[in-house]
């Protein structure tokens, strides 16, 4: 794997440790085996990919994944009120020792930076067995959500020795200036590093307004770190740069290049996607599109994979989608992940 791709890694605590879309009431929130066995996530992922670079060199940002807890609660309790959801969230975090486990993971795993806990609206619920709920919390709960998020920030700050070195204080991009100021007033410290969430689905106008609002309070250029959670699409990156925030300590996380590369299934009912270097457009891979994709690839001089290599990759993708999976087709999907990430990297800096 290219060094550029593995130099900065996003890990999601919730994805590793939580059953976030249970199919039955007896399913626990935490996965017992993983919860008990994994104490060092850096070592865990390094062993999984058999790469010492991850163990010794990669910068790792840890996302709390608290939306998975909200997913878990609303899947099992579809009729819960907002107050009941918040109360159950607090109960689970407390009784399961989740906050302490999170801090222990930060310490033992040599995590470079970790976001603080909040109670977010889920972006999506990945389950086919229940109704999907993404608008769980309304404005009516904002005051309490802010207070609980601030409380978690203070607890993590204290557990990390009253240090922000590894903390990214989570700020909702949907908060007003007054709400952000109220949040700050509840903290036992002044944030020097922040993670901005809740903007994944924002339109360009709302996204830009949120940038301006948060910057007016924190001054992005004066902070040590600003990270945008789930905002790594090229359009959002362009908005960040257009607003004057093309700074070295500002970053985004992005799973789009990876997800589109592995979208295709063996039944052929969904297709993997190739991003082209020139227009950053997504091209679904099918027998009808492959020649056009290869033409697009041939027009870019500094592609990570040669035209011959991409031809082999695309043919492997087609085999996979034609119910002929095997080690080589999974390798081709992995190579497509590398290509898509290269497109995003070159057009986002």
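The set of residues in region 303-313 being more than 27 Å from the chain's Cα centre (by Cα) and in contact (Cβ under 8 Å) with a residue 40 or more places away in the chain is empty.
Report yes if residue 223 is at pLDDT 95 or above, in the same structural domain as residue 87 (by TED's automatic domain parsing) and over 21 Å from the mean Cα position of the chain (by Cα), otherwise no. Full working, then the answer.
On the way: at pLDDT 95 or above: yes; in the same structural domain as residue 87 (by TED's automatic domain parsing): yes; over 21 Å from the mean Cα position of the chain (by Cα): yes.
Criteria met by residue 223.
So is residue 54 assigned to a helix (DSSP H, G or I) and touching a helix residue (DSSP H, G or I) at 6+ places or on another chain (Cβ under 6 Å) or not? Let's see the steps before the verdict.
Numbers: assigned to a helix (DSSP H, G or I): yes; touching a helix residue (DSSP H, G or I) at 6+ places or on another chain (Cβ under 6 Å): yes.
Considered against the rule, which asks whether it is assigned to a helix (DSSP H, G or I) and touching a helix residue (DSSP H, G or I) at 6+ places or on another chain (Cβ under 6 Å), residue 54 comes out as yes.
Against the test of being more than 26 Å from residue 8 (Cβ to Cβ), surrounded by 20 or more Cβ atoms within 10 Å (Cβ to Cβ), within 23 Å of the chain's Cα centre (by Cα) and assigned by TED's automatic domain parsing to the domain that holds residue 323, the options 273, 264 yield a single qualifying residue, 264. If a residue has to be in a loop (DSSP other than H, G, I, E, B), out of contact with any helix residue (DSSP H, G or I) (no Cβ under 6 Å at 6 or more places or on another chain) and at pLDDT 95 or above to count, how many in region 278-298 make the cut? Here the count works out to 4. Scanning region 172-192 for residues that are in contact with a helix residue (DSSP H, G or I) (Cβ under 8 Å, 6 or more places away or on another chain) and assigned to a loop (DSSP other than H, G, I, E, B) yields 173, 174, 175, 176, 186, 187, 188, 189, 190, 191. Against the condition out of contact with any helix residue (DSSP H, G or I) (no Cβ under 8 Å at 6 or more places or on another chain), closer than 17 Å to residue 345 by Cβ and touching a residue at least 60 places away in the same chain (Cβ under 8 Å), how does residue 253 come out, does it pass? Yes; evaluated as a whole, the condition is true for this residue.
Kindly indicate whether any position in region 182-193 is assigned by TED's automatic domain parsing to the domain that holds residue 227, under 22 Å from the mean Cα position of the chain (by Cα), farther than 19 Å from residue 89 by Cβ and at pLDDT below 95. So far as region 182-193 goes, no, none of its residues is assigned by TED's automatic domain parsing to the domain that holds residue 227, under 22 Å from the mean Cα position of the chain (by Cα), farther than 19 Å from residue 89 by Cβ and at pLDDT below 95. Here is the figure for region 301-311: residues that are assigned to a loop (DSSP other than H, G, I, E, B) and loosely packed, with under 15 Cβ neighbours inside 10 Å total 3. Would you mind stating whether residue 83 is farther than 22 Å from residue 187 by Cβ and either at pLDDT 95 or above or assigned by TED's automatic domain parsing to the domain that holds residue 25 (or both)? Criteria met by residue 83. Scanning region 64-77 for residues that are surrounded by 23 or more Cβ atoms within 10 Å (Cβ to Cβ) and either at positive phi or outside any helix (DSSP H, G or I) (or both) yields a single hit, 64.
In the condition set (1) touching a helix residue (DSSP H, G or I) at 6+ places or on another chain (Cβ under 8 Å); (2) more than 17 Å from residue 30 (Cα to Cα), residue 87 is compliant with all but (1). Per the listing 134, 130, 95, the residue uniquely within 25 Å of residue 25 (Cα to Cα), modelled with pLDDT of 95 or more and surrounded by fewer than 17 Cβ atoms within 10 Å (Cβ to Cβ) is 95.
The values are calculated or read from the model by the stated rules, or taken from the named source; none is laboratory data. The shown structure was predicted, so the numbers you read here are calculated from the model rather than taken from an experiment. Methodologically, a virtual Cβ is constructed for each residue, glycine included, from the backbone with ideal geometry; neighbour enumeration extends over all protein chains shown.
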